[in-house]
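Here is the structure we will look at, set down as structure tokens.
Values in this text are rule-based calculations from the coordinates and carry no lab data. Bear in mind that the values here come from a model prediction, so they are computed numbers and not experimental data. Glycine gets a Cβ as well: all are built from the backbone with ideal geometry, and neighbour counts include every protein chain shown.
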Ligand SMILES: Cc1ncc(COP(=O)(O)O)c(C=O)c1O
Ligand SMILES: [Zn+2]
């Protein structure tokens, strides 16, 4: 790492210090000496590299290996999905399954990196507003590092997230509101309490962990990127991170200038990025009354909206919204067809892919990667609406007792 720079006004910031946003409100991005790395780091070194996202350590911000807090995140499988592909008209459909990460979601990547940097910078009390999965991941990595974790999340987060955070020993406050309300409370209280604010993009290192999603897709596809990547977009850090990863890999001489179409997938009940994309706007507007079972997509106004929209437009991609009933149906069909039980967020991408193939934006032979950001196991309330469960059928009951068959 050479320095950080503001993504809005380009002001530079020194490496090796705790930072949040630039004074102008812009998120900071980490820069590396890629010219020097190009001389010393080759794709061939991966045969003996760690089997986790830390195999890309030279382009991650941690300076000292002993600062790394790892639970085995990353290097998740890239799975072929031939049956779902055939049904939706794709001969080359793949699912990158980040549901296999520690705490069951891709948030493990960002928080492994961010918590490692907190260890390196000596920050011991952390706070986060979260839609759910980021809280679980911070609670786990905070526990692994022995740090104090303060979590603010909506009252109606999935039960899995609440229980995980409690089990990992975090201080949990449930807020009757959205992630944006939680963010306001964390911003207000952090200076008073001495907490370091790990909010999406207000902290510059989560995105560095998440960019390993882009490195892995390239490595797992033999250093040739697919034609399109479908990404369930809430705060959009995955898209911003992958876009950054592609630029870094090109600078390292590892991939060509070819880029996938980046497809930002949102929920109909909360689609600020889709609306801004369709309006040709550079920034999104706050989405009023945000509601969706895909809790990770319930972000009414992403802080990095301009970076998401830039990546989507520059890639020739698009932004598309999916209804809740469609994404739950898609999750169940994907599970039955491929043995992959995706989060509702990931499942939304299958619907988006089907629609874009039908509308002709993507073709049958295009290589498509659906990013499944989490495990369906974290969303049992959402999926259980389709599988009502009775203890036994009426015919099994005899005089009020349940009999063996
Ligand atoms: C399962 C899942 N998918 C997608 C997202 C959205 O992630 P991003 O902030 O990178 O857009 C979240 C965020 O909470 C999530 O938990
Ligand atoms: Zn700035």
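Computed quantities for the displayed model
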quantity: Length added when fully stretched, residue 148-residue 49, from 0.36 nm per residue minus Cα-Cα; calculated: 32.5 nm
quantity: Choice from 272, 82, 232 with maximal GNM fluctuation in the chain (Cα, 10 Å cutoff); calculated: 82
quantity: Highest-MSF residue in the chain out of 271, 220, 66 [GNM, Cα springs under 10 Å]; calculated: 66
quantity: Helix-derived mean residue ellipticity, 222 nm - over the chain, DSSP H n ≥ 4, -39500 (n - 2.57), to 500; calculated: -11000 deg cm²/dmol
quantity: Extension gain from residue 363 to residue 389, taking 0.36 nm per residue of separation minus the Cα-Cα distance; calculated: 5.3 nm
quantity: Choice from 376, 234, 26 showing the highest fluctuation, given a GNM over the chain with Cα pairs closer than 10 Å; calculated: 26
quantity: Length-normalised contact order for the range 1-148 - Cα pairs under 8 Å, 6+ apart - percent; calculated: 18 percent
quantity: Value of relative contact order over the chain, rounded to a whole percent, pairs C-alpha under 8 Å and six or more apart; calculated: 17 percent
quantity: Computed E for residue 163/residue 71 - FRET, C-beta separation, R0 22 angstrom, nearest 0.05; calculated: 0.80
quantity: Two-site FRET efficiency, residue 381 against residue 83, from Cβ-Cβ distance with R₀ of 25 Å, rounded to 0.05; calculated: 0.40
quantity: Label-point separation in nm, residue 20 to residue 171, each point 7 Å along Cα→Cβ; calculated: 1.6 nm
quantity: Length-normalised contact order for the range 205-356 - Cα pairs under 8 Å, 6+ apart - percent; calculated: 25 percent
quantity: Distance from the range 1-46 to the range 364-382 (C-alpha centre basis), Å; calculated: 30 Å
